[in-house]
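The values are calculated or read from the model by the stated rules, or taken from the named source; none is laboratory data. Just so it is clear, the model here is predicted, and its values are computed rather than measured. Note: ideal-geometry Cβ built from the backbone for every residue, glycine included; neighbour counts use all protein chains shown. Ligands, DNA and RNA are stripped out before the accessible areas are found, and what is left, the full protein with its side chains, is counted by its heavy atoms. Shrake-Rupley method; radii C 1.70, N 1.55, O 1.52, S 1.80 Å.
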Amino acid sequence: KQEVTQIPAALSVPEGENLVLNCSFTDSAIYNLQWFRQDPGKGLTSLLLIQSSQREQTSGRLNASLDKSSGRSTLYIAASQPGDSATYLCAVLVNTGKLIFGQGTTLQVKP
Amino acid sequence: DAGVIQSPRHEVTEMGQEVTLRCKPISGHDYLFWYRQTMMRGLELLIYFNNNVPIDDSGMPEDRFSAKMPNASFSTLKIQPSEPRDSAVYFCASSWKGPTIETQYFGPGTRLLVL
């Protein structure tokens, strides 16, 4: 059974810091891995999608990596800003068409 | 496109009442997903449809839950009778599966409170 774990559960950093969020999954048989952002009381917004054949994806200040063999992904946020404060969710797409989500990391960036 | 539309945004009901949640997917998307999010269990897939046909309903917690997709632009999730433990945020999402598997687009969610 696929399980997705995110560490840390919560993170608080001062503005301007570079930071890394971690995601691990137990079964390497995935189609893709996605990072989502969720603001309080809102739905999820897709940030980055890495296909199983890819190693990383970049969008602006965000960079996500994927190592299928070790079952790990990282989301790197450069020069963090208060507007980055949100919960970040990692999810893997498995062959049944399901997205399996981690519990998320709640990030607070202090001005 | 307006994105995935869900209604109502908030629902407060009493135990035993029937609850119906509604979703309009993004036009052209052929997959529709229903999720439930709670503090204890996180985000869980309940059921998903492809071309209006239910593909996997193994996440539906029990017979009190049912979902339908009568056409490509509308789906419902019904809870009858509702119980306090059903209190959660219910999300609908849609996607399009082309040459590569694309991301899912989430609606704003329905926040359900069963008293």
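Miscellaneous remarks
- Considering (1) more than 11 Å from chain B (Cβ to nearest Cβ); (2) within 12 Å of the chain's Cα centre (by Cα); (3) among the hydrophobic types (A, V, I, L, M, F, W, C), the lone condition that A:Ala78 does not fulfil carries the number (2).
- Number of the condition not met by A:Pro8 [criteria: (1) modelled with pLDDT under 95; (2) open to solvent by less than 20 Å² (accessible area, probe 1.4 Å); (3) farther than 30 Å from B:Val53 by Cα]: (2)
- Which numbered condition A:Phe36 misses (of (1) on the phi > 0 side of the Ramachandran plot; (2) in contact (Cβ under 8 Å) with a residue 40 or more places away in the chain): (1)
- For the range A:11-69, a residue qualifies if it is within 14 Å of chain B (Cβ to nearest Cβ), open to solvent by 70 Å² or more (accessible area, probe 1.4 Å) and either of a type in the set (D, E, K, R) or under 26 Å from B:Tyr35 (Cα atoms) (or both), and the qualifying residues are A:Tyr31, A:Pro40, A:Lys42, A:Thr45.
- Scanning the range B:1-34 for residues that are at pLDDT 95 or above, hydroxyl-bearing (Ser, Thr, Tyr) and closer than 18 Å to B:Pro54 by Cβ yields one hit, B:Thr20.
- Here the condition is being surrounded by 20 or more Cβ atoms within 10 Å (Cβ to Cβ), out of contact with any Phe, Trp or Tyr (no Cβ under 7 Å at 6 or more places or on another chain) and assigned to a loop (DSSP other than H, G, I, E, B); of B:Ser82, B:Ser27, it holds for B:Ser82 alone.
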